[in-house]
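Colleague: Supplied in structure tokens, the structure appears directly below.
Readers should treat all values here as calculations from the given coordinates under stated rules, not as data from a laboratory. These numbers come from a predicted model, not from an experiment. Cβ sites come from the backbone with ideal geometry, for glycine too, and all protein chains shown count toward neighbours.
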Amino acid sequence: MTTKMFLGGLLRSAKSTQALFGAVCVIILGVGCASTFGSTTTGLDFPGSNGTTVRFRFTNPLPIYPATYIWRAYPREQPPDWPTIQGYYYTTFFWGNDPGYTVPTGDTSVFLWDGGSANTYYGAHPYPEPQPPNFNFYTEKWEIASDGYDFTGDPVQFRRWYNQALVAWADADGFKHTVFYWDLSDPSKAVTHVSAQSYGNVNPPSPALTFGDAPWSPGREVYNGILSGIRVYSTNLSLSNILSEASAPLSTAAGKANIWYLNMNPTPDDISDKSGKSHNPSWIGTARPTLYTETSPINTPVGSPTVLLTDPANGTKINLKFSNVTQAGLTELTAAAGPPLPANFFLVKGYYNLTTTAAFTGSVTVCIDVGVNPTTAQTVGHRPDGDDRDRHRDGHGPDGDDRDRHRDGHGPDGDDRDRHRDGHQPHGDDRDRHRDGHGPDDEEGDRDHDDRGFVDLQLIHYVNGVLDQSFESFTLDNSICGQVTSLSPFAVVRSGYHATVEPPISAAGTSVFNDRRGVVPVKFRLSLNGESTCRLPAATIAVFRLGGTAPVPVNQSDFLAPPDSGSTFRIDGSNCQYMYHLNSRSLESGSYSTQIRIGGIAVGSAVFGLR
């Protein structure tokens, strides 16, 4: 059996829902399947300073530059009876000099080893500012420790979980950079520092990577809180890779290639390396943190599961199909704020922040149910919302009254308000700016703002606050879908723009071109709110290969041809249309979809073939 899918105004065939998603257990958030899944998270619960060091170290550390560290942290306040000589300091970790002392020795050369100066170290943790005795112990700030100084950011919020990262590297001129992302849920929350070219070029006498306490003040700067999910990479990962690795370890090519140490669930008895690289640390002294454990439900088991989530606020159902889960976890849906949309685009219901603790590779197909079936002719209703005169819910008033002698629900044909004899409003009057015969959007008869066609709905996805341009929305049953490689805020948007393809590509999707032709001219005309417009905003092109379970993006370098530059459409003002010369010589035979995007969001598409 096949299910017709409506994409960009064109019909094409796709396999059934069952074939697309597979014969898998659908797990509903809060409702179990035949088996009950659970996940235990463990961590190291450090006690804070009491004069006894609690730390572990790597005595053969990775080079100080470049490196990336990702971890989970749950900081607590240092106790109010904290001895003032201990300074309310914390240590998450230091790359620096660690000769292994278990008690303070008064040997300042541990820290000031380079001719009386500190050199070649960094760390990232809470820091007291100002220092005692003029210090309220709740006032800690996130800091980068480096160059003998402390560079601080925002105040610490205690007793909550953070996903955090530090990335360090040397640029081509030798300047050393450190960036501490102290809350990865918002990457703008970061502390940055640049060290001089002369800094960090010589290793200390006892180079080490140390977690939990400061080597130069053992027992006096012990972390107070929980550390878990520790990952170390021997490169400076990009922010996008950091976010992906924080969500799913080893989910990026760079992460897999450069993992140096990994222990997602450390315990006092097991801090060994789980990355396969055998970089195993060891404890200093006899003191240990206590074991932290937390059991959480799992709704995303290993394999290729499908997860169905429901928004409790409005009942929207979101379906996620993972291609390959390598470590089970919990996938969740939360309400999220998102950036403002471009002009003439409108949010449908809201943003949805999708997150998972599962580790996965490959893609995730995300489908948001919009409550209408795109395979039917009337895809979105135009009825006056809630009008008791519209028992048939067709938006045209009650059938059979004396104004509807033809019983078509549209009023009498032929009156002076129906010059087109289509039973609707007169096209082009000031009540029908959209030329759809149903009256303008936003009038009191369209309070739900649903007076658009299904073709104008698009799934959007943000990665690091930027619209993801790597996928094409497609429809499946009552849902708008997309195949992505990361999870973050998603939304369905409705566009006031609609672009219609012009010859030589047929709007029916039947055009087939010889790939030896070299160029396929792509032309679109634009309408805004149902009216043709020659005010053409900047637009870009995207090309996808069809034939699989989801459209596959084509690299711009494979279809770029003169006189076009990049992915931007040229505007033909004299003919009031967009134009792009698509190079077909580098494309294989098959079916393709080409999209026109305004503000990064698709407003029209066309299908053509190459042979």
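Colleague: Calculate the spin-label point distance for residue 108 paired with residue 291, positioning each point 7 Å from the Cα along the beta-carbon direction, and give it in nanometres.
Modeller: Here the answer is 4.4 nm between the modelled labels.
Colleague: What net charge do the residues around residue 598 carry, taking every other residue with its C-beta under 14 Å from that of residue 598, with Lys and Arg at +1 and Asp and Glu at -1? Don't skip to the end; give the middle numbers.
Modeller: Details: positive: 494, 525, 535, 597; negative: 456.
Local net charge: +3.
Colleague: While we're on this one: Residue 304 to residue 558: extension gain in nm, 0.36 nm per residue of separation minus the Cα-Cα distance?
Modeller: Computed gain between residue 304 and residue 558 is 88.3 nm.
Colleague: State the number of lysine pairs found in the stretch 42-295 whose Cα atoms come within less than 21 Å, restricting to pairs 8 or more positions apart or on distinct chains. Intermediate results must be reported in sequence, preceding the final value.
Modeller: Details: 141/189; 176/189; 256/274; 256/277.
Lysine pairs meeting the criterion: 4.
Colleague: Have a look at 483, 554, 499 and report the one farthest towards the positive end of the charge dipole of the stretch 476-592, computed about the Cα centre with Cβ charges (Lys/Arg +1, Asp/Glu -1).
Modeller: Value computed over the given set: 499.
Colleague: If each residue of separation counts as 0.36 nm, what is the full-extension length gain between residue 538 and residue 611 once their alpha-carbon separation is subtracted?
Modeller: Length difference between fully extended and current span is 23.2 nm.
Colleague: Here's a follow-up. Describe numerically, in nm with one decimal, the distance between label points set 7 Å from Cα along Cα→Cβ at residue 514 and at residue 198.
Modeller: A separation of 7.1 nm, rounded to one decimal place.
Colleague: Give the shape of the stretch 497-610 as rounded, prolate or oblate, defined through the alpha-carbon gyration tensor: a ≥ b ≥ c are the square roots of its eigenvalues, a/c under 1.5 means rounded, and otherwise the shape is prolate if a/b is larger than b/c and oblate if not.
Modeller: Prolate shape, in that a/c is at least 1.5 and a/b is the bigger ratio.
Colleague: Using amide H atoms built in the peptide plane, which far-off residues or other-chain residues are under 5 Å from residue 53 H to H?
Modeller: 219
Colleague: Students often check this: by mean Cβ neighbours within 10 Å, which of 475-482, 602-609, 263-270 ranks highest, and how do the rest follow? It would help to have the intermediate numbers written out before the result.
Modeller: Working: 475-482: 21.8, 602-609: 23.4, 263-270: 16.6.
Answer by packing, highest mean first, reads 602-609, 475-482, 263-270.
Colleague: A further question follows. Rounded to the nearest Å, what's the spacing between the alpha carbon centres of the stretch 287-351 and the stretch 537-584? Just the number, please.
Modeller: So the two Cα centres are separated by 33 Å.
Colleague: Could you check the spin-label model distance between residue 346 and residue 154? Points 7 Å from the Cα along Cα→Cβ, value in nm.
Modeller: So the label points at residue 346 and residue 154 sit 3.3 nm apart.
Colleague: Let me ask something else about it. Neighbour counts of other C-beta atoms within 10 Å: give me 572, 173, 183 arranged from fewest to most.
Modeller: Working: 572 12, 173 6, 183 20.
By the 10 Å Cβ count, ascending: 173, 572, 183.
Colleague: Another question, if that's okay. Which of 220, 288, 535, 55 comes first, and how do the rest follow, when ranked by fewest Cβ neighbours within 10 Å? Display every interim value, and only then the final one.
Modeller: Working: 220 22, 288 18, 535 7, 55 29.
Ascending Cβ contact count within 10 Å gives the list 535, 288, 220, 55.
Colleague: For the stretch 156-215, what class follows from the C-alpha gyration tensor (a ≥ b ≥ c being the square roots of its eigenvalues): rounded when a/c is under 1.5, otherwise prolate if a/b is larger than b/c, else oblate? Could the numbers behind the result be given before it?
Modeller: Numbers: a/c = 3.25, a/b = 1.42, b/c = 2.29.
The shape class here is oblate.
Colleague: Using the beta-carbon distance between residue 506 and residue 161 and R0 = 56 Å, what value does 1/(1 + (r/R0)^6) give for FRET efficiency, to the nearest 0.05?
Modeller: 0.55
Colleague: If R₀ is 51 angstrom, what is the calculated FRET efficiency for the pair residue 175 and residue 585, using the beta carbon separation as r and rounding to 0.05? Before the final figure, lay out each step's value.
Modeller: Numbers: r = 45 Å, r/R0 = 0.87.
After rounding to 0.05, the efficiency reads 0.70.
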